[in-house]
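Peer 1: Attaching a single structure in structure tokens format; questions to follow.
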Amino acid sequence: MEFSLKNEQQQLLSKMATNDGHGENSPYFDGWKAYDSDPYHPTRNPNGVIQMGLAENQLCFDLIEEWVLNNPEASICTAEGANKFMEVAIYQDYHGLPEFRNAVARFMEKVRGERVKFDPNRIVMSGGATGAHETLAFCLADPEDAFLVPTPYYPGFDRDLRWRTGIQLLPIVCHSSNDFKVTKESMEAAYQKAQEANIRVKGFLLNNPSNPLGTVLDRETLIDIVTFINDKNIHLICDEIYSATVFSQPEFISISEIIEHDVQCNRDLIHLVYSLSKDLGFPGFRVGILYSYNDAVVSCARKMSSFGLVSTQTQHLIASMLSDETFTDKIISTSSERLAARHGLFTRGLAQVGIGTLKSSAGLYFWMDLRRLLRESTFEAEMELWRIIIHEVKLNVSPGLSFHCSEPGWFRVCFANMDDESVRVALRRIHKFVLVQGKATEPTTPKSRCGSSKLQLSLSFRRLDERVMGSHMMSPHSPMASPLVRAT
């Protein structure tokens, strides 16, 4: 019956409506569904799933709320700002408010250390970075064409750039042996593989700072990439939406700085994607920015932006906020300090039980190494471990498989979308899990280990959870007794 209904829908609806191109049926989104069905709450649902799969920046909303209260005229929905209501509410063309484009360009310069300049007339609005990526894909490539992208990469790229455009994403395979860095050899190998398969490569998709790695690309690598795309005469899309999340050295270097100061290239091939979703924590505002050095792309993208404009009410508020230089200076520096503190808290807590992470200096997440906890070095074992973390440990962390990682055992962990109490609870759960995992994977006969390890781990975790929650059962020398992980 179910098959019959599905077949009928395929006949009634378009291929777009009935295909799986969105990518929703992946572990990345399955983790979100697990959280949505059983969300953690400190009092109403203390045993629920803690959301650590959402890269959202909630660490500076006190500063933002303070600014909003002190600047009521920035909103047309206040007594102080109502005199601007009609001016903002009536039709505006798709270029965007001049004051909005000027303020965004200035903020982009500030985030990049004042080392580059941006022309407000090259700024094109979109409905978040998602809309900017898709618009660029439509402008630069035809169905069946391909973009090269280093692995691991953000799972949403499969949706944003492939689903409605029909283009392909081809991996540039990177490895942990050199901290997943892009090399000349790996770029050339991916390009040659596409040539052998008779696939036309139209572009190179770069995410800097990296999601999910939390790393920034060094100047030499960026020069190598620009040289590569220039030699191949293919486009470079540089996603820089995490550029203000850098919290330690090395500092972020924009692709704009590279083409302005370090290397000569055909600038018609260079395009940036930016948004305020990560740097300021405004994903709900859907402020996406496409910035291209190619006049034809700017013209076409601006026409296409009619399908995903930013509301003028939002533009008006953002223009006022980003024009306040004192505020932008404060939020950039404070965000960096708070991200550094939260990142350090988490990674030190993991180190207490021998869990390593890739060294990183940016982003709202880190790349956690659980390879030693796999029963074998396969993606099947990674998924088995992930399901236990989701359903038994009750943490939504994202498996490396969903990021197209070349090696099993890596997981992305987001840390900026929760309060301090949730951090302590999450760390306590991880500590307990690692202690149990060590017992559950003690040597047994091959047959019994293969058949019962998952059940053994599940039952052991529940028993330990019951024991550890009683403080009188906890050894003062246990890592669980550390104030770093003890819930207050």
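The values are calculated or read from the model by the stated rules, or taken from the named source; none is laboratory data. Fair warning: this is a prediction, and the values are worked out from it, not measured in the lab. As a convention, Cβ positions derive from the backbone with ideal geometry for all residues, glycine included, and neighbour counts pool all protein chains shown. Just so you know, the surface numbers come from the protein's heavy atoms only, side chains and all, with ligands and any DNA or RNA stripped out. Shrake-Rupley method; radii C 1.70, N 1.55, O 1.52, S 1.80 Å.
Peer 1: Among S398, L63, L309, whose Cα lies farthest out toward the positive end of the dipole of the chain, if unit charges sit on the beta carbon of Lys, Arg (+1) and Asp, Glu (-1)?
Peer 2: Farthest towards the positive end: S398.
Peer 1: Collect residues whose amide H, placed 1.01 Å from N in the peptide plane, falls under 5 Å from the amide H of L170; neighbours closer than 5 in sequence don't count.
Peer 2: Here the answer is F147, L148, V149, since their amide H atoms fall under 5 Å of that of L170.
Peer 1: Separate question: Any idea what angle helix 420-440 forms with the longest principal axis of the chain, computed on alpha-carbon atoms, 0 to 90 degrees, nearest 10?
Peer 2: 50 degrees
Peer 1: With unit charges on the beta carbon (Lys/Arg positive, Asp/Glu negative), name the residue among N294, P155, V104 whose Cα is farthest towards the positive pole of the charge dipole of the chain.
Peer 2: In the chain, that residue is P155.
Peer 1: Heavy atoms of the protein only, probe of 1.4 Å, neighbouring chains included. What is the accessible area of R164 in Å², nearest 10?
Peer 2: 140 Å²
Peer 1: Same structure again: Which label marks the calculated value of volume of the Cα convex hull per residue in Å³, given the options (1) 189; (2) 208; (3) 150?
Peer 2: (1)
Peer 1: Quick one: dipole size for the chain, taken about the Cα centre, charges +1 on Lys/Arg Cβ and -1 on Asp/Glu Cβ, in debye to the nearest 20.
Peer 2: 1620 debye
Peer 1: Are any of the pairs K184/K359; K117/K330; K15/K278 more than 26 Å apart by Cα-Cα distance, and if so, which? Spell out each step's value before the answer.
Peer 2: Working: K184/K359 22 Å; K117/K330 21 Å; K15/K278 33 Å.
Correct reply: K15/K278.
Peer 1: Still on this model: Which angle between 0 and 90 degrees, to the nearest 10, do you get for helix 295-304 versus the longest principal axis of the chain when only C-alpha atoms count?
Peer 2: That helix lies at roughly 70 degrees to the long axis.
Peer 1: Continuing with this model, one more query. Calculated FRET efficiency, T334 and K303, Cβ-Cβ r, R0 35 Å, to nearest 0.05? Provide the component values of the computation, followed by the final result.
Peer 2: Values: r = 39 Å, r/R0 = 1.11.
So the FRET efficiency works out to roughly 0.35.
Peer 1: Using a ≥ b ≥ c from the Cα gyration tensor of the stretch 238-332 (square roots of the eigenvalues), is it rounded, prolate or oblate, where a/c under 1.5 gives rounded and otherwise the larger of a/b and b/c decides, a/b for prolate?
Peer 2: Working: a/c = 2.15, a/b = 1.08, b/c = 1.98.
Oblate is the answer for the stretch 238-332, as a/c is 1.5 or above yet b/c matches or exceeds a/b.
Peer 1: Moving on. Non-local amide H neighbours of N207 (under 5 Å, H modeled in plane, Pro and chain starts lacking H): which ones?
Peer 2: Those qualifying (amide H under 5 Å, at least 5 residues apart or on another chain) are D239.
Peer 1: M16: accessible area at probe 1.4 Å, nearest 10 Å²?
Peer 2: Looks like 70 Å² after rounding.
Peer 1: Next up: Can you compute the FRET efficiency between L63 and Y94 using 1/(1 + (r/R0)^6), with r the Cβ-Cβ distance and R0 = 30 Å? Round to the nearest 0.05. If you can, show how the numbers build up before the last one.
Peer 2: Numbers: r = 32 Å, r/R0 = 1.05.
The pair L63/Y94 has a calculated efficiency of 0.45.
Peer 1: Which one of T227, S254, F285 has its Cα pushed farthest toward the positive end of the charge dipole of the stretch 216-308, where Lys and Arg give +1 and Asp and Glu give -1 at the Cβ?
Peer 2: F285
Peer 1: On a 0 to 90 degree scale, rounded to 10, what angle separates helix 27-37 from the longest Cα axis of the chain?
Peer 2: Relative to the chain, helix 27-37 is tipped by roughly 70 degrees.
Peer 1: Just the accessible area for I253, please: 1.4 Å probe, Å², rounded to the nearest 10?
Peer 2: 20 Å²
Peer 1: Quick one: which residues, 5 or more positions from S275 or on another chain, have an amide H under 5 Å from its amide H? H modelled 1.01 Å from N in the peptide plane, none for Pro or chain starts.
Peer 2: Result for S275 returns I289.
Peer 1: Oh, and also: Per-residue ellipticity at 222 nm for the chain, helices alone: DSSP H runs ≥ 4 residues times -39500 (n - 2.57), over residue total, nearest 500 deg cm²/dmol? Display every interim value, and only then the final one.
Peer 2: Working: 16 runs with 204 residues, N = 488.
Result for the chain, helices only: -13000 deg cm²/dmol.
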